[in-house]
Amino acid sequence: MRLAIGADHAGFALKAQIIAHLRGLGHDVTDHGTLVAERCDYPDLAVAVAQAVASREAELGFLCCGTGQGMAMTANRVPGVRAAVCSDTFSARATRQHNDANVLCLGERVLGVGLAVELVDAFLSASFEGGRHAERVQKITALEPLGRSA
Ligand code: RB5
């Protein structure tokens, strides 16, 4: 799959682990930075990954910061993006199946690397189930400024 990933300084180490894992599985991963561990602002990285997903340059995106929260808040401002913060595998799977989430946000200060990788795998291996869920996701899309979906 074509995947996009980004992190701020607080998610920098986790990003490197996830990139290695994803590339090891054969995915085409674009690293949107940050490329150095110095302090930076998470919205700058979140918007880069969100725009890659919204434009379909990437099929799915991953964002790492201290908690995942600021990344999700920012990414969800980009029309067509449905970003979810997950700390358990059930939610990581269900948010793909039910919400058609296309960006997974992870907190390096919350998760161990082992769990983070399991969350990534759960997210990647699940698919949107459509049906009644599609009507609900459409209601989310209708709230976006342009009312369009990615
Ligand atoms: C950085 O200190 C931290 O605030 C950031 O990585 C993130 O957790 C924000 O949501």
Problem set entry | Count - residues of segment 13-30 that are free of Cβ contacts under 8 Å to residues at least 40 places away in the same chain and in contact with a helix residue (DSSP H, G or I) (Cβ under 6 Å, 6 or more places away or on another chain) | 1
Exercise. When you look at residue 120, is it among the β-branched types (Val, Ile, Thr), at pLDDT 95 or above, within 16 Å of the ligand (Cβ to nearest atom) and within 26 Å of residue 9 (Cβ to Cβ), yes or no?
Worked result: no
Exercise. Tally time: how many residues in segment 71-81 are among the hydrophobic types (A, V, I, L, M, F, W, C), within 14 Å of the ligand (Cβ to nearest atom) and in contact with a helix residue (DSSP H, G or I) (Cβ under 6 Å, 6 or more places away or on another chain)?
Worked result: 2
For this session: Only one of these is touching a Ser or Thr at 6+ places or on another chain (Cβ under 9 Å), away from the ligand (no atom under 14 Å from the Cβ) and hydrophobic (A, V, I, L, M, F, W, C): 48, 52. Name it.
Result: 52
For this session: With the condition kept exactly as written, say whether any residue in segment 82-96 is within 12 Å of the ligand (Cβ to nearest atom), within 22 Å of residue 122 (Cα to Cα), hydroxyl-bearing (Ser, Thr, Tyr) and surrounded by fewer than 24 Cβ atoms within 10 Å (Cβ to Cβ).
Result: no
Exercise. Pick from segment 97-111 the residues that are touching a residue at least 40 places away in the same chain (Cβ under 8 Å) and in contact with a strand residue (DSSP E or B) (Cβ under 6 Å, 6 or more places away or on another chain): which of them is farthest from the ligand (Cβ to nearest atom)?
Worked result: 102
Exercise. From the residues in segment 1-30 that are crowded, with 16+ Cβ neighbours inside 10 Å and part of a strand (DSSP E or B), which one is nearest to the ligand (Cβ to nearest atom)?
Worked result: 7
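This table checks each residue for (1) under 18 Å from residue 119 (Cβ atoms); (2) touching a strand residue (DSSP E or B) at 6+ places or on another chain (Cβ under 9 Å).
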residue: 14; (1), (2): yes, yes
residue: 22; (1), (2): yes, yes
residue: 36; (1), (2): no, no
residue: 41; (1), (2): no, no
residue: 44; (1), (2): no, yes
residue: 60; (1), (2): yes, yes
residue: 66; (1), (2): yes, yes
residue: 74; (1), (2): no, yes
residue: 82; (1), (2): yes, yes
Exercise. Going by the conditions given, is residue 68 under 22 Å from residue 23 (Cβ atoms), within 16 Å of the ligand (Cβ to nearest atom) and out of contact with any Phe, Trp or Tyr (no Cβ under 9 Å at 6 or more places or on another chain)?
Worked result: yes
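The values are calculated or read from the model by the stated rules, or taken from the named source; none is laboratory data. What you are looking at is a predicted structure, and each value in this text was computed from that prediction instead of being measured. Every residue, glycine as well, gets a Cβ built from its backbone with ideal geometry; the counts of neighbours run over all protein chains shown.
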